[in-house]
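The values are calculated or read from the model by the stated rules, or taken from the named source; none is laboratory data. All figures in this text were calculated on a predicted structure; none of them were measured in a lab. Every residue, glycine among them, receives a Cβ derived from its backbone with ideal geometry; neighbour counts consider all protein chains shown. Heads up: the accessible areas ignore ligands, DNA and RNA and are worked out on the full protein's heavy atoms, side chains in. Shrake-Rupley method; radii C 1.70, N 1.55, O 1.52, S 1.80 Å.
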Amino acid sequence: QPCYMTGLAVAASLKVSHEPCLEANADVFREAFEVGRRFKGMNPDKMRASYGKLIYMLQDATAPDVIRELGFDPLSRVQTVHAELALLSCLDLLEEPELPLAASPAHSAEAADAKAAATARLLARFADGDAERAVRLERCLLSLADHACLVEAHVSPVDAMLRLLRTHFSPASTSVGPGGAASASLQITAGRGGARLSHSHASQYAYVEQSLLLWRAVLACRAELRRAPRRAPAEVCRAVGGRCSRSCPACGLSPRRPSSLEAEDIPISPRPEAGAFGTQDLLSGGYRLRDTGQGRHRVQSAPNVGQLMSEVLRRLQAEQGGGWVGSSAVHLGDDDVPNALVWVDKYSQVPRILGPIAHAVSQSTLDSLAAKPGVRGYIVSAFGSAEACRLAVLADFFKHGFDGSGADNFFDAGSCIDGRLTSAWHFCARLSKKPYYPLFQMSGFVGFDGAFGRR
């Protein structure tokens, strides 16, 4: 490991090679690792092959005996917007009424102009005419905007699927959907079509809706786990009811320019996360290397992630008024979810699963395909119409993407919190066998993992 770290330092600067002692280059290592963790927190789709290696290396490098051998602790706190604003004595900026506008995504020219104007007013109010101070404050606002865009990008596929569910299916009736069109039954029976659960149409509708709401809640506040200073659980999860608060200090400071500032923040754990999902859980204790049935993994408890999941579930179940369908068991630190890094990766797959499905059945996609005579003939002969095609795909996904399948026992799959994602993964693995798979291919579908090799 010391040789590996030396190689990293030399690759960054040949001047480092003249320093024979690792301890002499401690600041170089700390800065490189901190920037890497912060970059991953702001860009979850990047470093997909190397980030796990980085975290596992830091996990070993922060062990007491390894620190003694290296002569320094390679871990440093991740810089955050909250810490930067504290250094500037501008924490009041987080309470400004104009902050949501200055830090929100702009989807039109008018919105971009309004956002720029709000940013200029905030800078004029808090920079006090100091150009350097204005640059640092602008960087904070840009980081908050990056965070808002990140949350929106991960949550929007879930919102799209929720709209499709509520538009084309009725909670109680299987004959007529909310729009007045013919609807399909979502009833599933264990042993049929690979299902391992038995639900009536009403129960399955509620089960799917609650699962999507759960995923949305985790994605909306997962980001807070990575970059947030230590706060009470109620504050950590305050975004569960909707979009993440723009005044939330959880958002990490985007690594746009090098900074030598020492941030006095205490990272919590995962996504808008404090430096990377589950960082505190991963780097705060030992682990057991064990064969989990899915290869050898580092099995480690994740108390911070567990606290988050418990709070999310309590809030969501309270909103359902006691009508929660399925199990509330959360797998963490066991064979199914060995550690916080695996947990982060599992929920990072949600938009990758839902995005291609929502795109394939969207109105624009089906209209574009139906405009081509050959494809229109396929849709009519196979499904009867474009609307019937959309309904067939959605009904199949809402039934067999949430049927408890994916394992041969109810501990590893079923209706537990982790099992809901396992079923969705299992559906993805069987997509090429579906009668509507040509529709996905014609819509531009190449896979649920995206362009992984170019990440």
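Determine, yes or no, whether residue 34 is touching a residue at least 60 places away in the same chain (Cβ under 8 Å) and either closer than 13 Å to residue 141 by Cα or crowded, with 17+ Cβ neighbours inside 10 Å (or both). Against the criterion (touching a residue at least 60 places away in the same chain (Cβ under 8 Å) and either closer than 13 Å to residue 141 by Cα or crowded, with 17+ Cβ neighbours inside 10 Å (or both)), residue 34 qualifies. Of the helices (runs of 4 or more DSSP H) lying entirely inside region 331-399, not one carries at least 2 residues that are in contact (Cβ under 8 Å) with a residue 60 or more places away in the chain, of a type in the set (Lys, Arg) and surrounded by 16 or more Cβ atoms within 10 Å (Cβ to Cβ).
Scanning region 129-155 for residues being open to solvent by 20 Å² or more (accessible area, probe 1.4 Å), farther than 18 Å from residue 81 by Cα and touching a residue at least 40 places away in the same chain (Cβ under 8 Å) gives a total of 2. How about region 80-128: which of its residues are under 25 Å from the mean Cα position of the chain (by Cα) and open to solvent by less than 40 Å² (accessible area, probe 1.4 Å)? Result: 80, 81, 83, 84, 94, 99, 102, 103, 104, 105.
With within 30 Å of residue 395 (Cβ to Cβ), modelled with pLDDT of 90 or more, basic (Lys, Arg) and in a helix (DSSP H, G or I) as the only criterion, which of 136, 163 stands out?
On the way: 136 fails: within 30 Å of residue 395 (Cβ to Cβ).
Checking each option against the conditions leaves just 163.
Annotation: residue 322 fulfils all but one of (1) touching a Gly at 6+ places or on another chain (Cβ under 9 Å); (2) open to solvent by 50 Å² or more (accessible area, probe 1.4 Å); (3) free of Cβ contacts under 8 Å to residues at least 60 places away in the same chain; the unmet one is (1). Every condition in (1) closer than 14 Å to residue 283 by Cβ; (2) part of a loop (DSSP other than H, G, I, E, B); (3) not hydrophobic (A, V, I, L, M, F, W, C) holds for residue 56 except the one numbered (2).
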